[in-house]
Amino acid sequence: MIDKLEMFIALARERHFGRAAEACGVTQPSLSSAIRQLEDQLGVQLVFRGRSFQGLTPEGQRVLDRALRIVGDTRALKDEMRSLKTGLTGNLRLGVIPTALPMVADLTRPFLTRHPGLRVQILSRTSTEILAGLDSLDLDAGITYLDNEPLGRVSRVPLYTEFYRFLCAPGSPLAARERVTWAEAAGEPLCLLTGDMQNRRIVNQHLAEAGVRAAPTIESNSTIALVSHVMTGAWSSVVPMRLATLFAAGGQLRVIPLVDPEAEHLVGLIAPKRDPQTPMLAALIDAAERLGARPGRP
């Protein structure tokens with residue numbers, strides 16, 4: 001039954017029989033047969049079928065909600081039993097908002113030092129994708145903003161406070177300034193993250209508070225792409241302080257505090273809320289709490 005529920009979850013996620021079968025490591029006929037067997041066992045139709053996948057029936061959606069809980073609990077039980085037998089082993093899938101990627105090693109290094117049997121897969125995701133990944137069991141935990149959008153029922157551990165900086169080349173008209181207002185930043189040629197990124201929504205919010213609106217000529221979901229455009233000297237950007245200082249080493253770029261308002265937002269670890277928590281996630285939460293409690297965290 002659990003294997004069939006896993007395949008059903010994969011089909012609901014991929015919305016394609018072939019891709020779902022590939023994700024589960026089985027043939028498409030095997031997956032189709034498993035879904036039909038599950039329907040027979042439950043006595044309801046789960047999937048609308050035509051020449052291709054056409055969606056879940058209302059009953060299928062209800063079964064999906066329950067299946068996610070059952071499979072999640074089963075995985076947690078397996079993790080707990082495995083940890084009792086062999087210690088902490090396995091793969092942890094961590095979704096991270098792009099602006100937090102420069103600090104993630106601060107968490108993963110001590111975590112893996114204490115638990116060398118674990119592996120961590122770091123995946124760059126938007127805040128929305130992280131929440132969806134936790135719900136669909138595609139992610140085990142995430143690093144995202146804690147104070148801007150509803151997070152639902154998750155465990156939360158603050159890691160650091162994010163501040164914002166105006167990033168520009170040395171030849172920029174504002175490069176010699178000690179501070180730059182949000183209104184002044186909006187008047188420069190900007191490259192910013194795309195609108196689906198929560199960081200961009202935060203930037204838009206603070207620009208609106210300053211009575212201005214950004215009109216970037218370059219948008220990207222990659223912070224590397226933003227910095228590379230700033231380095232040409234033709235654009236500036238608004239980025240988190242940690243990211244700005246990482247790329248400004250060596251004096252290639254200028255990092256200037258943004259004021260009016262001086263904005264800050266809390267970034268932290270989130271994980272599915274369980275009692276008890278899985279041993280792997282309990283260890284990750286412990287590592288996050290140790291990191292967040294360190295004096296002098298930015």
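Values quoted throughout were computed directly from the atomic coordinates according to the rules given, and no laboratory measurement underlies them. Computed from a predicted structure; not experimentally measured. A quick note on method: Cβ atoms are made from the backbone with ideal geometry, for glycine too, and the neighbour counts reach across all protein chains shown.
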Can I get the semi-axes of the stretch 161-264's equivalent ellipsoid? Compute them from the C-alpha gyration tensor as square roots of 5 times the eigenvalues, in angstrom, largest first. 18, 15, 13
Based on DSSP H runs of at least 4 residues, each adding -39500 (n - 2.57), what is the mean residue ellipticity at 222 nm of the chain after dividing by all its residues, to the nearest 500 deg cm²/dmol? -14000 deg cm²/dmol
Please list, in order, the residues from the stretch 256-286 whose amide nitrogen is less than 16 Å from a point placed 7 Å along the Cα→Cβ vector of Ile2. 278-280
Mean separation of Cα pairs under 8 Å and 6+ residues apart, divided by the residue count of the stretch 56-169: what relative contact order is that in percent? 26
So how do 41-50, 2-11 stack up, highest first, on mean other-Cβ count within 10 Å? 2-11, 41-50
Of all DSSP beta bridges with both partners in the chain, the antiparallel percent, nearest 5, is 60
Cut-off 20 Å, label 7 Å out along Cα→Cβ of Arg119, residues of the stretch 1-43 by amide N: 22-26
If each of Leu266 and Ala293 carries a label point 7 Å out from its Cα toward its Cβ, how far apart are those two points in nm? 1.7
By how many degrees, 0 to 90 and rounded to 10, does the Cα axis of helix 2-14 deviate from the longest principal axis of the chain? 40
Could you calculate the FRET efficiency of Ala176 with Arg109 from 1/(1 + (r/R0)^6), where r is the beta carbon distance between them and R0 is 41 Å, rounded to 0.05? 0.65
What is the extension gain from Glu149 to Thr194, computed as 0.36 nm multiplied by their sequence separation minus the C-alpha to C-alpha distance, in nm to one decimal? 14.5 nm
Scattering profile of the chain at q = 0.10, 0.12, 0.15 Å⁻¹ [log10 I(q)/I(0), Debye over alpha-carbon scatterers]: -0.67, -0.87, -1.11
log₁₀ I(q)/I(0) of the stretch 2-81 at q = 0.23 Å⁻¹, via Debye over equal Cα point scatterers, no solvent, to two decimals? -1.09
Charges at C-beta only: +1 for Lys and Arg, -1 for Asp and Glu. How large is the resulting dipole of the chain about its Cα centre, in Debye rounded to 20? 620
The extension gain from Asp286 to Arg213, computed as 0.36 nm times the residue separation minus the Cα-Cα distance, is 22.2 nm
